[in-house]
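Enquirer: If you scroll down you'll find the structure; I have some questions about it.
None of the figures in this text is laboratory data; all of them are computed from the coordinates on show. Everything quoted here is computed from the prediction, not taken from an experiment. Cβ: placed from backbone, ideal geometry, glycine included. Neighbour counts: every protein chain shown.
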Amino acid sequence: MTREAIPLAIIFLLILAATATGVFSRSEGSPIEAVSVRGQPVSVQGGGLYKFNPSYFAREGVIWDTVNLFIALPLFVASSVAAFRNSLRGRLFLGGLLAYFFYVYLSCAMMYAFNDFFLMYVAIFALCIVAFVLNAGKTDVTSLPSHIGARFPGRLFVGYAIVLAGALVVLWVGRVASIMRTGLFPPEYAGLNTLGSQALDLGLVVPLALSTAVLLARKSPWGYYQCSIAMTFGLIMFISIPSWIAVPLIQDGKTNLLEAIPFFALSAVGIALAAVFYLSVKREAVFA
């Protein structure tokens, strides 16, 4: 097994264990009805991997595990195999998936109530950093523009990245401002201590989107590379986010339409653009 394959294999096994447990383990125990330190009523998960998390938040965790187990992990295996066979598409897609897994398991370690998988979450996002660097080192980024089709709609990607960043800023800053004004969390977030997803989106996703837009507008090789990371990362997120909206709508008959509509629209366009990007990448291998 090569030096690059070792962290990828460990990442796969750890994520397989974490997601399979989240999806298939029985969540025994009735919800715990309590009052948060902010004085809000909260329903807390009474059993399973996501015990002691707000029930709404625990349900999101199971949805995330389902998407990762049945979609993200198979794509991770396929892109890893393709990368080892000198596929440029495989190499780029693998980098984006590693960025996605870093985001997911950093979120799990920092946001969910402590559970037996805490050290596993830490190991996954730490190994994703190592694997990402090793993967990037195998790609000749400077020659990447020559492997992108002449009809690549760069301006469309620039515009989408700016709109995505703007939407996240408007929606999440608006939510933060509302909490600061009232001192109360939205009902589905009652019981949490802070807004981890919003922090990661504003601190990681927004800068990634904006820097990608700037570099693509300048036709920098790194713009195309960051675009591959953003599009792959976004592809899985654009599958997960509508699921987080649809499942509560089906089960509870309600959702936050103010956030649901723009996220559904951005997700649909994002999935289409991810397909456009990878269809624009030529089949030649690019390695340092």
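Enquirer: Got a sec? How would 33, 60 order by Cβ neighbour count within 10 Å, fewest to most?
Expert: Ascending Cβ contact count within 10 Å gives the list 33, 60.
Enquirer: Dipole of the chain (Lys/Arg Cβ +1, Asp/Glu Cβ -1, origin at the Cα centre): which of 10, 122, 185 lies farthest to the positive side?
Expert: Farthest along the dipole direction, towards plus: 10.
Enquirer: Can you run phi through the Karplus equation (6.51, -1.76, 1.60; θ = phi - 60°) for region 142-149 and list ³J(HN,Hα) in whole Hz, with x for Gly and Pro?
Expert: 4, 9, 4, x, 6, 9, 10, x
Enquirer: Given that compact globular proteins tend to follow 2.2 N^0.38 Å, what is the ratio of the alpha-carbon Rg of the chain to that value?
Expert: Normalised by 2.2 N^0.38 Å, the Cα Rg of the chain equals 1.03.
Enquirer: Pick out, in residue order, every one of the trypsin sites (Lys or Arg not before Pro) in region 30-124 that is DSSP loop and has at most 14 other C-beta atoms within 10 Å; say none if there are none.
Expert: 85
Enquirer: Still on this structure, I have one more. Rounded to the nearest 10 degrees, what's the angle between the helix 55-67 long axis and the longest principal axis of the chain, both from Cα atoms, 0 to 90?
Expert: Approximately 30 degrees, to the nearest ten.
Enquirer: How would 232, 194 line up from fewest to most surrounding beta-carbon atoms within 10 angstrom?
Expert: 194, 232
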